[in-house]
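Colleague: My structure is below; once you've seen it, I'll send some questions.
Bear in mind that the values in this text are calculations on the coordinates, not laboratory data. If you're wondering where the values come from, they're calculated on a predicted model, not measured in any experiment. Every residue, glycine as well, gets a Cβ built from its backbone with ideal geometry; the counts of neighbours run over all protein chains shown.
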Amino acid sequence: MPYSLIVDILVAILLVITIGYAITLNKRLGLLRRDKDELERLARTFGESTSRAEESIEKLKNTADMLQERTEKAQALRDDLAFLIDRGGQAADHLEDLVRSTRNTAGTGPVKQPAPEPEPQTNKTSPLTANREEPAFEDFEDDKSEAERELLRAIRSAR
């Protein structure tokens with residue numbers, strides 16, 4: 001066999017192998033191109049998701065700052081309310097002391113419900129059912145302050 005024929009057959013076999021390898025390589029490159037497009041889409045969506053996440057984190061930080069400010073204001077209001085409640089309690093205690101001292105000065109005790117009167121019996125008069133005179137508050141009003149006079153008027157109207 002001539003030497004040139006062997007070389008031609010060898011070249012033909014190598015060409016067939018090269019063509020087969022080129023077809024396989026072409027398929028793999030096609031898959032790679034498709035995967036590249038998909039990878040680019042995935043990278044774009046990942047970038048968009050990252051941007052949205054960064055915006056959301058910024059919004060959360062702003063919301064947290066706003067909530068912190070509101071919490072501080074609420075705590076200040078709570079402290080103010082506690083102070084006002086305490087002062088109101090002190091004022092109520094003071095008013096109660098004034099009412100007691102006014103009652104003691106006027107000679108009246110706490111307002112009591114009148115006892116039910118017993119049924120009248122014939123020919124008997126009970127000293128318990130006799131009319132009692134209520135102390136006149138007007139007698140005491142001349143030497144009292146305006147607040148004490150208003151308190152006495154309030155006591156009279158409560159009867």
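Each row is one residue, and each column tells you yes or no for (1) over 30 Å from R156 (Cβ atoms); (2) surrounded by 10 or more Cβ atoms within 10 Å (Cβ to Cβ); (3) in contact with a Lys or Arg (Cβ under 8 Å, 6 or more places away or on another chain); (4) not charged (D, E, K, R).
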| residue | (1), (2), (3), (4) |
| --- | --- |
| L25 | yes, yes, no, yes |
| D35 | yes, yes, no, no |
| R87 | no, yes, no, no |
| A92 | no, yes, no, yes |
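Colleague: Can you tell me which residues in region 1-10 are in a helix (DSSP H, G or I) and loosely packed, with under 10 Cβ neighbours inside 10 Å? Spell out how you get there, then give the answer.
Modeller: First, pick out the residues of region 1-10 that are in a helix (DSSP H, G or I): 3-10.
Residues satisfying the conditions are Y3, S4, L5.
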